[in-house]
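Trainee: For reference, the structure I am asking about is given below.
Each value in this text was obtained by applying a stated rule to the coordinates, not by laboratory testing. Computed from a predicted model, the values in this text were never measured in an experiment. Cβ: placed from backbone, ideal geometry, glycine included. Neighbour counts: every protein chain shown.
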Amino acid sequence: MQILDRELNTPKALVFLDFEATAYTAEMIEFGAAIAVLNKDQAYVPLPTTFKRYVTAKHEIGFVVKKLTGINEELLRKEGRPFGEVLSDFRKYVGRYWDDARFVTFGDYDLKILQTTAYLHEDCEISYVRQMQRKNYNFQRFIGRYIQDDNGNPLSLERDLEVFSLDFDGHEHDAADDAKNLMYLLMAVRDHPEILRERYPKVLQSMASKKIGKPVAQMIEKLSHGEDVSAEEWQRWIEDYFA
C-alpha cells in the first residue's frame, strides 16, 4: 500500500513493540517485540522468533495490571532483569537491522513507558532509547484515520484485527504476543487496501455529519454509492442547510 509505505519510508525492517507497565507509575515490567524484514519483492516477512523479557520494577505493579497480565512481584523476583540488561538484549535481538528499522507501536503509551523507565533506570544505554523514540511509528494513528467506531474513535488492536478477519494469536496483554499481533495487523493492512477503501467513506461521512455539516455527508453518501453529484444539487443542499 503506497500511502503506508510512504509514511514508513520502506525501512529494511519493522520492529514491533509492546510493553506492559505498572498501573500507577508506568514503569516497564515486560518488554515484547517482533520483527518483519523487507525481502526482494518488497514484502515484509516475519522473523521466526519474538523477544520477551520481564523487567524488575521499583514500584508496585498494581492489582489491575496483575489481573490483566498475570505478572506479579514473585514472577519479577524470579525472572525479572534490570532494564539496562533487557535493553541490551533487545539491541542484540534487532542486530544488523538496528540502523535501518522503524519501531512500530500501537498508540503513544508505549513510548511513555519507555521514557519513564529510562528515567528511573539510569544504568540503561540511553542512545538505544533515543533511537527507538526518534524512529517510532504509531500505527494506531494511521489505521485510526480510516477505521473508527460509531463515535469516531480508533479501535483497539483486537477489534482492528477482527476487521481484517484475523483472530488474536496467543494471549492478550502478553507483550510478545501483542507485538506479534500488531505485526500481523500491519501486514494485513498493507496486503488488503480494499478493506480501508470500504471503511474510509463511512469515517468521512460520520466526520462530516458531526464536524463539517450535512451537505458534505450527503455528498459522500451519494458518491459512495456510485452516484454523481451535480453543482446544482450541491448548491441546493447548501441552501437547505442554511435555510
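Trainee: Measuring from label point to label point, each 7 Å out along Cα→Cβ, what is the residue 188 to residue 63 span in nm?
Mentor: 3.5 nm
Trainee: Using the Cα centre as the reference, give the magnitude of the dipole from point charges on the C-beta atoms of the range 77-184 (Lys, Arg: +1; Asp, Glu: -1; all else neutral), rounded to the nearest 20 debye.
Mentor: My answer is approximately 560 debye.
Trainee: So what is the relative contact order of the range 2-195, in percent, for Cα pairs below 8 Å that sit 6 or more residues apart?
Mentor: 27 percent
Trainee: With a/c under 1.5 counting as rounded, go ahead and sort the range 196-241 into rounded, prolate or oblate using the C-alpha gyration tensor (a ≥ b ≥ c being the square roots of the eigenvalues; past the cut-off, prolate if a/b is larger than b/c, else oblate).
Mentor: oblate
Trainee: Please get the size of the charge dipole for the chain, origin at its Cα centre, with Cβ charges of +1 on Lys and Arg and -1 on Asp and Glu, quoted in debye to the nearest 20.
Mentor: Magnitude of the dipole: close to 660 debye.
Trainee: Checking the cross-link filter: which lysines have an alpha carbon closer than 20 Å to that of residue 214, excluding same-chain neighbours under 8 positions apart?
Mentor: Within reach: 202, 222.
Trainee: Now for a separate question. Going toward the positive end of the dipole of the range 1-141, with +1 on Lys and Arg Cβ and -1 on Asp and Glu Cβ, which of 132, 80, 63 do you reach last?
Mentor: Ranked along the dipole, the leading option is 132.
Trainee: Can you compute 3J(HN,Hα) from phi for each residue in the range 181-188, using the Karplus curve 6.51 cos²θ - 1.76 cosθ + 1.60 with θ = phi - 60°, rounded to whole Hz and x for Gly and Pro?
Mentor: Residue by residue, the range 181-188 yields 6, 4, 4, 4, 5, 4, 5, 5 Hz.
Trainee: Let me ask something else. Per DSSP H run of n ≥ 4, the term is -39500 (n - 2.57); total these for the chain, divide by its residue number, and report the mean residue ellipticity at 222 nm rounded to 500 deg cm²/dmol.
Mentor: Counting only the DSSP helices, I get -14500 deg cm²/dmol.
Trainee: In the Gaussian network model of the chain, springs joining C-alpha atoms below 10 Å, which of 212, 143, 195 carries the largest mean-square fluctuation?
Mentor: 212
Trainee: Here's another thing I want to ask about it. Where the centroid of each part is defined by its Cα atoms, how far is the range 141-170 from the range 54-109 in Å?
Mentor: So the separation of the two Cα centres works out to 24 Å.
Trainee: What does the charge count around residue 192 come to, taking other residues whose C-beta lies under 14 Å from its C-beta (Lys +1, Arg +1, Asp -1, Glu -1)?
Mentor: Net of charged neighbours comes to -2.
Trainee: May I ask you to derive the relative contact order of the range 89-243, considering only C-alpha pairs under 8 Å and at least 6 residues apart, and to give it as an integer percent?
Mentor: Reported as a whole number, the value is 16 percent.
Trainee: Of the candidates 90, 19, 31, which one comes out as most mobile in a Gaussian network treatment of the chain with C-alpha springs shorter than 10 Å?
Mentor: Looking only at 90, 19, 31, the biggest GNM fluctuation is shown by 90.
Trainee: Looking only at the range 160-177, which residues have a backbone nitrogen under 20 Å from a spot 7 Å from the Cα of residue 224 in the C-beta direction?
Mentor: Zone members listed by number: 160-165.
Trainee: Using 7 Å Cα-to-Cβ label points, what is the residue 92/residue 130 separation (nm, one decimal)?
Mentor: 2.4 nm
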